[in-house]
Structure formats: C-alpha cells, structure tokens
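K.L.:
Below is the structure I would like to discuss, written out as structure tokens.
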Amino acid sequence: MSLSSALLTAQSALTTTSKQTALVSRNLAGANDPNFTRRIGSVVSGTNGSTYLSVSRSADDALLSK
C-alpha cells in the first residue's frame with residue numbers, strides 16, 4: 001500500500017466519523033421536537049478501502065403498512 005493510498009483511506013475514515021458525529025448531534029438536537037424524524041447512519045465500505053455513511057430515515061413499519 002502506498003503512502004498516498006493510506007492517507008486517502010485515513011481521510012475517508014475520518015470524514016465518515018465526522019459525518020456520524022454530526023448525524024448523532026442532529027438527532028439529539030431534534031429529540032424534543034414532535035415533528036422531527038430521526039436519521040439512522042450506516043457505515044458502508046467502498047472501493048479501495050474507502051468508507052462512506054449511508055443515511056436513512058427511521059420509520060414505523062407497522063404504521064406505514066396500515
């Protein structure tokens with residue numbers, strides 16, 4: 001693994017962690033708002049060791065099926 005490849009992998013990991021932290025902060029800030037929709041973040045591995053954050057909305061499946 002070259003030095004530039006290792007740096008790009010580390011940068012990708014730090015960016016993903018930063019986005020996760022921002023998502024958790026956003027969820028905490030909106031906890032008392034009845035109209036707030038919680039977001040769920042999942043870390044996904046990409047090509048060449050890169051990672052990114054996949055964000056989805058929290059939903060109640062039983063409520064949506066009715």
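The values are calculated or read from the model by the stated rules, or taken from the named source; none is laboratory data. Note that the coordinates shown come from a computational prediction; the quantities given were computed from them, not determined experimentally. Note: ideal-geometry Cβ built from the backbone for every residue, glycine included; neighbour counts use all protein chains shown. To get the accessible areas, we keep the full protein, side chains included, count just its heavy atoms, and leave off ligands, DNA and RNA. Shrake-Rupley method; radii C 1.70, N 1.55, O 1.52, S 1.80 Å.
K.L.:
Please list, ordered by first then second residue, the pairs with beta carbon atoms under 8 Å, 6 or more apart or interchain, first in the stretch 12-31 and touching a residue at least 40 places away in the same chain (Cβ under 8 Å), second of a type in the set (S, T, Y) and open to solvent by 70 Å² or more (accessible area, probe 1.4 Å).
P.N.:
As it stands, the answer is S12/Y52, since those pairs meet every condition given.
The rows are residues; the columns are (1) modelled with pLDDT under 85; (2) part of a strand (DSSP E or B); (3) on the phi > 0 side of the Ramachandran plot; (4) not basic (K, R).
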site: S4; (1), (2), (3), (4): no, no, no, yes
site: T15; (1), (2), (3), (4): no, no, no, yes
site: Q20; (1), (2), (3), (4): no, no, no, yes
site: A31; (1), (2), (3), (4): no, no, no, yes
site: F36; (1), (2), (3), (4): no, no, no, yes
site: V43; (1), (2), (3), (4): no, yes, no, yes
site: N48; (1), (2), (3), (4): yes, no, yes, yes
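K.L.:
Something else about it: Based on this model, can you work out whether L63 counts as modelled with pLDDT under 90 and part of a helix (DSSP H, G or I)?
P.N.:
Considered against the rule, which asks whether it is modelled with pLDDT under 90 and part of a helix (DSSP H, G or I), L63 comes out as yes.
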